[in-house]
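The structure appears below as structure tokens.
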Amino acid sequence: MPDTVVVVGAGLTGLACAASLPGRIRPVVVDRIPVPGGVHGWDTDETRSAEAAARSRGAILHLGETATRWDGEELLVMGQDGVRRIPARALVVAAGSRPLGRAELGLAGPRPAGILAATVACHLSETGLLAGRRPAVVGGGDWAARAVAELLHAGAEHIQVVTPDGVLRRFPESPALTVRTATPVAVEGGPRVSALRLQGGERVECDALVLAHGLVPLRNVDGAVWEGARTVYAQPADDPATVSAARQAGAAAAAEVEQMLDAA
Amino acid sequence: MSGDGAFDVVIVGGGVVGCAIARRLSFTTARVAVVEAAHDVGEGASKGNTGIATCGADCTPGTLEAELVTRSAPGWEALCASLDTPWERIGTLCVALTEDDEAALGHLVEQARANGCEAELVSGDRARELEPLVTGSARAAVHIPADGIVDSLRLTIGYAELAARNGVRFFLSSPVTGFEVDGERVTAVHTATGTISAGFVVNAAGVGAGQVSALAGGEPFRCWPRQGQYWLLDRELGGRFRKVVGGVPNERTRGIYCVPTTNRSLLLGPTADDREDPDDRAVSRDVLEHVLEAARRLVPAIRREHAIKTFAANRPASDTTYRLEADGWRPNLIHAAGIRSTGVSGSPAIAEQVHELLAEAGAPVLDEHPRALAALEPLPRLLHHPRPEELFAADRRYGQVVCACEQVTAAEIAGAFAMALPPRSVDGLRKRTRATGGRCQGAVCLAGVSFLCSLHTATAPWLLAQSEPTATLGVGPADA
Amino acid sequence: MRVRSPIGDLPFTVTGVGREGGELVVHGELGAWRSQVRMSAADLPMLARAMRGPLLVAGAAGVVVLVARAIR
């Protein structure tokens, strides 16, 4: 009876971890999205080959099911067929990351509508909603670049990019884009946001604010939020992210799990 | 929603006090309406507080506030069970960090006992036994075991929901613009959505109560916003708490508390700064830093990295605290105003008191409604549920987790939309289910949640509101 | 088929089509999720409007024709 190790997250990192685990371990990969690939997307060669590699290592994938609780021995998962309890010797959290939120950025001011995480702004654009005609985007990396592209595609007229860390991804040369390096400190407006205030006093007028700066790991499994019994975290925070960083993080997590199980 | 109708009692204000009164009156045969300026009940101080239902230990003895809060205290278990509202009587530790604090503890114990509340003076070590997260520098503390934590959003909505199911009409997005008067009596309430005739009016308008009295030609009094700023911290930290932890209250303010919530997130606050604009809900860095430092002095394990959200809310301060009486000039206008700090804690007994005042004034509130519901059907939640298989067997939608941070499922969301007072905005759904209110603040689920809101409310996505109708999620449809 | 949804771009695979009473039922898989699309005559105007709007499903033209034929 092989040892099971359960991996939360079927993106490139989680799949790489599953594919790198030694043969005596049976990897089970869980993801709340019904397709593999995470932010990299399901319809890419890298995802297809990562999934194939994981499956050929014997990994079982439970896609479209949400991991909710870990107690060091069993992972509780909810899905369309009900409750799934997965006994496992270890948990790997490879659930990706998200940009910093308002409180994490320390933005003062009221809480008007129209302040969205970049993840949300992108999803909403894809489903037909324009977040703002003159939005401000905070950030200079992957999520900022993606948000800028989605917003322009959805019909934004002018985007002000404010990046505290400088420009990490090249933005398109466009008259519809203004990029500056600055730190946001407060928002203004109500009922919808009307301006972003920067350190030094400058005001950037905007009709939406997209938060695309920094990366925080996503952790939603109770019992494994900041630390967990027999838990390894594999959430690379490179910005821009790269396929190789994801693969390395996955492989490193697999090695850590192997060490943990050998030491037990 | 057409505003025309005739009611025996019109309650102005759909906060925790107004909705508690609505519930109480819904057990009678009186025709009752609530008019609320905002788009939902519980949009003022009722949704921005620390969620403590105090047993009354630190109220000033002999005051009406002390009487009504202590009278409310024993009934919380039964009340919250009937309103499907989370509640736990976990107790408070008031921790003394300095000599001055320690000197004040004796007075705190006396005050508690004068109010009929159990209170024990404990050593620093004993305080840490009761709550291991309390700082090693704590010199002593007072333990008040009868204090509890309650979900104040669910409480307000629960009061309103039961009232609505019993026939109370809720007019939302209906700020009061004036009153009709005949002789010395108010006869009708004008709102932005229409006019309704009223046999009696209850003024539970929170920060706006002074203005309501003025519009009605009632006695002049002042209400102003007393702003509190708060931090909300991760469930992972709040889940480790056993007690509410606070400092030692003084005459001006109860001080900063560290409060585990009923879903085990952690609230820090509030501050107490008088403001002029009731809509001023801006947080500022220096005030928030002050709160964080005060909290960390009590519980060193608290760190900025645990923060999910910061917010501000305005409590209704007034020149008279607990103005519960018929107006001196308008005999059919009953005030339930100046409930500054203990709206949640006093709401059950305040509602009873207003019922008595209405009866004394001649309102038809004495006959019992034979078929009134006494309790709401509980809607089970997945988060922390001991038997998830049972949930799924009852409703397959428990298998679809929509908000992963708070583990809110499609079953709970559907349940919220099936209420008599369903959500009309994303924030309305958050108040009823906690969806989008967790550690990622909707970064992962807001798109999906807003899609569900859009479907259930039959609103185009670009018209969907995050809160008030003008606080739309987006600005328009995307280019095709 | 691809569906743009609030959680991203997803593949939709049709596994079966049936008629149940006055409804056309398309059984499918949205990635790993089983799903059903049930359509009746009342849905035709909405489908026609949707083809002009942002919620365009690739291949909707063929689906609308199929629906119209199946339920008339």
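The values are calculated or read from the model by the stated rules, or taken from the named source; none is laboratory data. Predicted, not measured: the structure shown is a model, and the values here were computed from it. All Cβ positions, even for glycine, are placed from backbone atoms using ideal geometry, and neighbour counts span all protein chains on display.
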#### Entry: Odd one out for B:Glu77, checked against (1) without any contact (Cβ under 8 Å) to a residue 60 or more places away in the chain; (2) acidic (Asp, Glu); (3) buried (at least 24 other Cβ atoms within 10 Å of the Cβ)
(3)
### Summary
Note on the stretch A:129-139: residues buried (at least 24 other Cβ atoms within 10 Å of the Cβ) and either more than 23 Å from B:Glu468 (Cα to Cα) or more than 14 Å from chain C (Cβ to nearest Cβ) (or both) are A:Gly132, A:Pro135, A:Ala136, A:Val137, A:Val138, A:Gly139
#### Entry: Single match in A:Ala67, A:Ala103, A:Ala95 (criterion: part of a strand (DSSP E or B) and touching a Lys or Arg at 6+ places or on another chain (Cβ under 8 Å))
A:Ala67
### Message
Going residue by residue through the stretch B:366-381, is there one that turns out to be within 14 Å of another protein chain (Cβ to nearest Cβ), modelled with pLDDT of 95 or more and within 30 Å of B:Ala313 (Cβ to Cβ)?
### Response
yes
### Query
Do we have any residue at all in the stretch A:114-125 that's in contact with a Gly (Cβ under 8 Å, 6 or more places away or on another chain), buried (at least 22 other Cβ atoms within 10 Å of the Cβ) and at positive phi?
yes
### Query
Taking the stretch A:104-128 only, how many residues are under 21 Å from the mean Cα position of the chain (by Cα) and either within 14 Å of chain C (Cβ to nearest Cβ) or of a type in the set (Val, Ile, Thr) (or both)?
13
### When residues of the stretch B:80-101 are limited to those that are surrounded by fewer than 22 Cβ atoms within 10 Å (Cβ to Cβ) and among the β-branched types (Val, Ile, Thr), the one modelled with the lowest pLDDT
B:Thr98
### Message
Kindly evaluate A:Arg146 against the criterion of being buried (at least 16 other Cβ atoms within 10 Å of the Cβ), more than 25 Å from B:Ser467 (Cα to Cα) and within 14 Å of chain C (Cβ to nearest Cβ).
### Response
yes
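Going by the structure shown, is B:Arg169 of a type in the set (D, E, K, R), more than 17 Å from B:Arg330 (Cβ to Cβ) and touching a strand residue (DSSP E or B) at 6+ places or on another chain (Cβ under 7 Å)?
Details: of a type in the set (D, E, K, R): yes; more than 17 Å from B:Arg330 (Cβ to Cβ): yes; touching a strand residue (DSSP E or B) at 6+ places or on another chain (Cβ under 7 Å): yes.
Answer is yes for this residue.
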### Query
Out of all the residues in the stretch B:298-344, which are over 26 Å from B:Arg235 (Cβ atoms), more than 21 Å from the chain's Cα centre (by Cα) and not β-branched (Val, Ile, Thr)?
B:Asp319, B:Glu325, B:Ala326, B:Asp327, B:Gly328, B:Trp329, B:Arg330, B:Pro331, B:Asn332, B:Leu333
### Query
Looking at the stretch A:52-82, which of its residues are under 27 Å from B:Cys403 (Cβ atoms) and more than 14 Å from chain B (Cβ to nearest Cβ)?
A:Ile60, A:Leu61, A:Gly72, A:Glu73
### Task
Examine the stretch A:86-100 for a residue that is at the interface with another protein chain (Cβ under 9 Å from one of its Cβ atoms) and over 30 Å from A:Ala254 (Cβ atoms), and state whether such a residue exists.
no
### Task
Go over the candidates B:Arg340, B:Arg323, B:Arg315, B:Arg330 one by one and state the one that is more than 21 Å from B:Gly438 (Cα to Cα), modelled with pLDDT under 95 and touching a helix residue (DSSP H, G or I) at 6+ places or on another chain (Cβ under 9 Å).
B:Arg340
### Query
B:Leu232 passes all but one of (1) within 14 Å of chain A (Cβ to nearest Cβ); (2) of a type in the set (A, V, I, L, M, F, W, C); (3) under 29 Å from B:Ala22 (Cα atoms); which number fails?
(3)
### Task
Might you let me know whether the stretch A:70-80 holds any residue that is over 19 Å from A:Thr242 (Cβ atoms), in contact with a His (Cβ under 9 Å, 6 or more places away or on another chain) and not in a loop (DSSP other than H, G, I, E, B)?
yes
### Task
Restrict the check to the stretch B:391-401 and report whether at least one residue is within 26 Å of B:His306 (Cβ to Cβ) and within 9 Å of another protein chain (Cβ to nearest Cβ).
yes
### Summary
B:Leu429 vs (1) surrounded by 20 or more Cβ atoms within 10 Å (Cβ to Cβ); (2) within 14 Å of chain A (Cβ to nearest Cβ); (3) under 23 Å from A:Leu211 (Cβ atoms): all pass except (2)
### Query
If the Cβ limit is 7 Å and pairs must be 6+ apart or interchain, which residue in the stretch B:243-260 that is closer than 18 Å to B:Leu288 by Cβ pairs with which residue that is among the aliphatic types (A, V, I, L, M) and surrounded by fewer than 19 Cβ atoms within 10 Å (Cβ to Cβ)?
B:Thr253/B:Ala272
### Message
Based on this model, can you work out whether B:Arg424 counts as within 23 Å of the chain's Cα centre (by Cα), over 24 Å from B:Leu83 (Cα atoms) and more than 7 Å from every other protein chain (Cβ to nearest Cβ)?
### Response
no
### Message
in a helix (DSSP H, G or I) and under 16 Å from B:Val259 (Cβ atoms): is that true of B:Arg128 in this structure?
### Response
no
### Task
Sort out which residues of the stretch A:9-58 are closer than 21 Å to A:Gln259 by Cβ, β-branched (Val, Ile, Thr) and either in a helix (DSSP H, G or I) or in contact with a Leu (Cβ under 7 Å, 6 or more places away or on another chain) (or both), and write them in order of number.
A:Thr13, A:Val29
### Query
Within the bounds of the stretch A:174-192, is there any residue that is away from chain B (no Cβ under 11 Å), touching a Pro at 6+ places or on another chain (Cβ under 6 Å) and of a type in the set (Ser, Thr, Tyr)?
yes
### Task
Can you tell me which residue within the stretch B:451-476, out of those that are more than 7 Å from every other protein chain (Cβ to nearest Cβ), within 19 Å of A:Arg111 (Cα to Cα) and without any contact (Cβ under 8 Å) to a residue 40 or more places away in the chain, is surrounded by the most Cβ atoms within 10 Å (Cβ to Cβ)?
B:Leu464
### Candidate set from the stretch B:281-331 (those that are of a type in the set (A, V, I, L, M) and either without any contact (Cβ under 8 Å) to a residue 24 or more places away in the chain or part of a loop (DSSP other than H, G, I, E, B) (or both)); member that is farthest from the other protein chains (Cβ to nearest Cβ)
B:Val299
### Task
Determine if the stretch B:43-57 includes at least one residue that is surrounded by fewer than 23 Cβ atoms within 10 Å (Cβ to Cβ), over 15 Å from the mean Cα position of the chain (by Cα) and either of a type in the set (A, V, I, L, M, F, W, C) or modelled with pLDDT of 95 or more (or both).
no
### Query
Of all residues in the stretch B:432-444, which are more than 9 Å from chain A (Cβ to nearest Cβ) and assigned to a loop (DSSP other than H, G, I, E, B)?
B:Arg434, B:Ala435, B:Thr436, B:Gly437
### Task
Scan the stretch C:1-17 for residues that are at the interface with another protein chain (Cβ under 7 Å from one of its Cβ atoms) and out of contact with any helix residue (DSSP H, G or I) (no Cβ under 9 Å at 6 or more places or on another chain) and report the count.
2
